[in-house]
Amino acid sequence: MNDIKRLDLNTPDGAQLDMDALYQIAPSAFTESRDEKTGELKRVVNFDALRQLLGDNAVDDSRETYEFRWVGKDAAKAEAARPTDKTLRPVVEDSVDWDTTKNLYIEGDNLEVLKLLQRSYMGKVKMIYIDPPYNTGNDFVYHDDFAMSSDEYEEASGAVDELGNRYTMNYETNGRFHSDWCNMIYPRLMVARSLLAEDGVIFISIDDNEVENLRKICDEVFGENNIIAQIAWRRTDNQPNIGYFARVKEHILLYAKSNSFVLGRLPLSDKAKAEYRYSDAKGLFRRSILLHKTRGRRFYPKKTKLGNILNGPWMVSESEFDRMDKAGEIYWTENGDGQPYGKIYLSESKGQIPNDFWGIEFGTNQRGSLEVEKLFDKRYFDFPKPVSLLSNIVMLGSNKDSIVVDFFSGSATTAHAVMQLNAEDGGNRQFIMVQLQEETPADSEANKAGYKNICEIGKERIRRAATKIKEESPLTTHDLDTGFRVLRLDDSNFNPGVKASPSEYNQQQLDLFADNIKSDRNDLDLLFGSILAWGLQLDLPMETEEVDGCKIYTVNEGDLVACFAENVTDKVIEAMAEKDPLRVLFRDACFDSDDKKINLFETFKQKLDWTEDEAYNNIRVI
């Protein structure tokens, strides 16, 4: 064997992911067909068979169906499914505790980033929180106009960044004011859903401008039966005298991926703790009702401490009543008819079930602004969410070992809240923050201080918040992960044309692409691009060693072993095989002859007892 399999560097095709999911629940609706391009057999949907499975629940072209439509929806849906060949490049110099941290801070357009994360994090994220642009008519950065070509849009707006992303303000005079916003949020939610675990949830902050449209979109993406709550949060403790009504609230939509979601509890409020006003040797408790005329369903006689006989209706069975009484779990009153109550102990409380109105005790925008101002000694961010609000959201939506994602990271309040909560409850939650490199205004205090884009503020906020948390809790934060690996979205690591098969090139073209890696890329760029392509998580530990002048990279003790040096020797290959790897990666330039490729396969087969197929499937080249 002298042909090493190439690593697929594109993100998964969204349509293929949907096909795979459908196949899991309806395999009989599939058949095989010959691919016209490759000549290979592939799995395809047999729509007649699928219609038979669905019975009367399928519709073709009915003119009267209920759905939410807007200009550009089909293009937005197609964009969610479209693969990307972009990559994430490590920025070690901006990172904190690079070698040990499990947290990530990713700079770049969040739609592209979410697509890149699919292979590595699909079904692994317990909670997502986002605070997207509110489409107020002057502060919505929009950059996904699918209906216009790139040239047309650039001519119209004259605004592109170094990656070709297009930006403009979505003014209310725009004829597609609401459609543009829907086109922005829709594909991001579609891709984000694939990252959620089956018991995962997503919280979305929004104001009145788009809340109705957002709810319709979420009903479609997550399912209308999967809405858990629409929370009203009082965002301000002021009473602005504007218009006929003071707008003091925002909305937080809470959706689950499926009905297997699990929510946490909130800490008991002072008012709730005041209900625990009785005590015994076990501690403070509050009473629970055992005798209830409406909800009680059981009848049996019980003699009270005052000598009265009560027959019910009881909320518990007689055997359970007797068990509770014997265990001292019943509080007998000594007035009236001597009615008994159950005991609910404060020490056994799992917390408070939240309601759908959150007052200023959850924090306000003013508090959020002051929190950032205290960290920086300047006001660099207008009205960020307060840490207390995000701490409660993270407490509800995650457990102590969850991955928490925020792909509109802004000032990184979510990262701050995750670290704070971990410090308080000993958790090991990981955060993944994603933020577009939006420039700060030239005349702003942030820009004058050297923070040229929002990402610079967000990263520095995490650093300063980490220092503050450790200073305030030095005895409980010695193992707290307050670091983060910084990754930055960029175009492909490879020169144009590398996707083509060698048989499609003439010799002159083959010579041109002999070194297919862009000149500004290094080994870490290639390694992280390959980690994404192979579906490994980006926070895994890695080690480096040098053999015969060639660097060998080992990810997570052998999940991936890679070498990108030119003309690797047999000694290098043997050293890699001794690491007992699950996956092996080289680049084209590692080999100057077919003989070396043959020796490569034979070495791994002998050292690891791999079959021919295992060697072919476990070894890749870029």
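The values are calculated or read from the model by the stated rules, or taken from the named source; none is laboratory data. Quick caveat, the model's predicted, so the values are computed rather than measured. FYI the Cβ positions are ideal-geometry reconstructions off the backbone, even for glycines, and counts take in every protein chain you see. Please note that ligands, DNA and RNA were not included when accessible areas were found on the heavy atoms of the full protein model with its side chains. Shrake-Rupley method; radii C 1.70, N 1.55, O 1.52, S 1.80 Å.
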Q) Would it be correct to say that I622 is closer than 30 Å to L195 by Cα and modelled with pLDDT under 90? A) yes
Every listed condition ((1) surrounded by fewer than 19 Cβ atoms within 10 Å (Cβ to Cβ); (2) out of contact with any Pro (no Cβ under 7 Å at 6 or more places or on another chain)) holds for N447 save (2)
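This table checks each residue for (1) polar (S, T, N, Q); (2) modelled with pLDDT of 95 or more; (3) in a loop (DSSP other than H, G, I, E, B).
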{"site": "D515", "(1), (2), (3)": "no, no, yes"}
{"site": "D520", "(1), (2), (3)": "no, no, yes"}
{"site": "D539", "(1), (2), (3)": "no, yes, yes"}
{"site": "E566", "(1), (2), (3)": "no, no, yes"}
{"site": "I573", "(1), (2), (3)": "no, no, no"}
Of the candidates I217, I252, the one satisfying the condition of being closer than 29 Å to K385 by Cα, part of a strand (DSSP E or B) and modelled with pLDDT of 95 or more is I252
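What residue, among those in the range 478-487 that are part of a strand (DSSP E or B) and either hydrophobic (A, V, I, L, M, F, W, C) or more than 17 Å from the chain's Cα centre (by Cα) (or both), is nearest to E112 (Cα to Cα)? Explain how you work it out, then say what you get.
Here is the first cut: in the range 478-487, the ones part of a strand (DSSP E or B) are 484-487.
Now restrict to residues that are either hydrophobic (A, V, I, L, M, F, W, C) or more than 17 Å from the chain's Cα centre (by Cα) (or both): 484, 486-487.
Details: F484: 20, V486: 16, L487: 13 Å.
It comes out as L487.
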- Task: Answer yes or no as to whether Y276 is under 30 Å from S398 (Cα atoms), among the aromatic types (F, W, Y) and surrounded by 12 or more Cβ atoms within 10 Å (Cβ to Cβ).
- Result: yes
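Conditions tested, residue by residue: (1) more than 29 Å from L114 (Cα to Cα); (2) open to solvent by less than 60 Å² (accessible area, probe 1.4 Å).
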| position | (1), (2) |
| --- | --- |
| N10 | no, yes |
| D13 | no, no |
| D20 | no, yes |
| Q24 | no, no |
| A29 | yes, yes |
| E32 | yes, no |
Selection from the range 1-35 of residues among the basic types (K, R) and closer than 22 Å to P83 by Cβ yields K5, R6
Within the range 389-412, residues open to solvent by 10 Å² or more (accessible area, probe 1.4 Å), among the hydroxyl-bearing types (S, T, Y) and touching a Lys or Arg at 6+ places or on another chain (Cβ under 7 Å) come out as S398
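Please pick out the residue among A246, A197 that is of a type in the set (G, A, S) and part of a strand (DSSP E or B). Step through it out loud before you land on a result.
On the way: A246 fails: part of a strand (DSSP E or B).
Residue meeting the stated conditions: A197.
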Considering residues that are under 22 Å from N617 (Cα atoms) and either open to solvent by 10 Å² or more (accessible area, probe 1.4 Å) or in contact (Cβ under 8 Å) with a residue 40 or more places away in the chain (or both), the number found within the range 541-566 is 7
The number of residues in the range 292-305 that are closer than 15 Å to D325 by Cβ and part of a loop (DSSP other than H, G, I, E, B) is 4
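Quick one: which residue in R89, R119 is in contact (Cβ under 8 Å) with a residue 12 or more places away in the chain, assigned to a strand (DSSP E or B) and open to solvent by 10 Å² or more (accessible area, probe 1.4 Å)? Please lay out each step first, then the result.
Working: R119 fails: assigned to a strand (DSSP E or B).
Of R89, R119, the one residue that is in contact (Cβ under 8 Å) with a residue 12 or more places away in the chain, assigned to a strand (DSSP E or B) and open to solvent by 10 Å² or more (accessible area, probe 1.4 Å) is R89.
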- request: Would you check if L375 is out of contact with any Asp or Glu (no Cβ under 8 Å at 6 or more places or on another chain), farther than 23 Å from L111 by Cβ and buried (at least 22 other Cβ atoms within 10 Å of the Cβ)?
  value: no
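Give the number of residues within the range 586-595 that are part of a helix (DSSP H, G or I) and either touching a residue at least 40 places away in the same chain (Cβ under 8 Å) or surrounded by fewer than 17 Cβ atoms within 10 Å (Cβ to Cβ) (or both). Show your work before the answer.
Of the range 586-595, the ones part of a helix (DSSP H, G or I) are 588-590, 594-595.
Restricting the remaining residues to those that are either touching a residue at least 40 places away in the same chain (Cβ under 8 Å) or surrounded by fewer than 17 Cβ atoms within 10 Å (Cβ to Cβ) (or both) gives 588-589, 594-595.
Selection size over the range 586-595: 4.
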Among residues of the range 301-324 being more than 53 Å from the chain's Cα centre (by Cα) and of a type outside the set (S, T, N, Q), the residue farthest from N335 (Cα to Cα) is P301
Restricting attention to the range 36-86, the residues that are over 24 Å from V434 (Cα atoms), of a type in the set (G, A, S), surrounded by 10 or more Cβ atoms within 10 Å (Cβ to Cβ) and modelled with pLDDT of 70 or more number exactly 2
> Out of curiosity, is A232 out of contact with any Gly (no Cβ under 8 Å at 6 or more places or on another chain), part of a strand (DSSP E or B) and surrounded by fewer than 17 Cβ atoms within 10 Å (Cβ to Cβ)?
Replying inline: yes
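Within the range 429-439, how many residues turn out to be touching a residue at least 60 places away in the same chain (Cβ under 8 Å) and either open to solvent by 20 Å² or more (accessible area, probe 1.4 Å) or assigned to a loop (DSSP other than H, G, I, E, B) (or both)?
First pass over the range 429-439, keeping only residues touching a residue at least 60 places away in the same chain (Cβ under 8 Å): 430-438.
Filter once more, so that each one left must be either open to solvent by 20 Å² or more (accessible area, probe 1.4 Å) or assigned to a loop (DSSP other than H, G, I, E, B) (or both): 430, 436-438.
Qualifying residue count for the region: 4.
When you go through E320, E334, E329 one by one, which is the residue that is touching a Gly at 6+ places or on another chain (Cβ under 7 Å) and either at pLDDT 95 or above or within 17 Å of Y278 (Cβ to Cβ) (or both)?
Values: E320 fails: touching a Gly at 6+ places or on another chain (Cβ under 7 Å); E334 fails: touching a Gly at 6+ places or on another chain (Cβ under 7 Å).
Result: E329 is the single residue among E320, E334, E329 that is touching a Gly at 6+ places or on another chain (Cβ under 7 Å) and either at pLDDT 95 or above or within 17 Å of Y278 (Cβ to Cβ) (or both).
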In the range 566-618, residues that are polar (S, T, N, Q) and on the phi > 0 side of the Ramachandran plot total 1
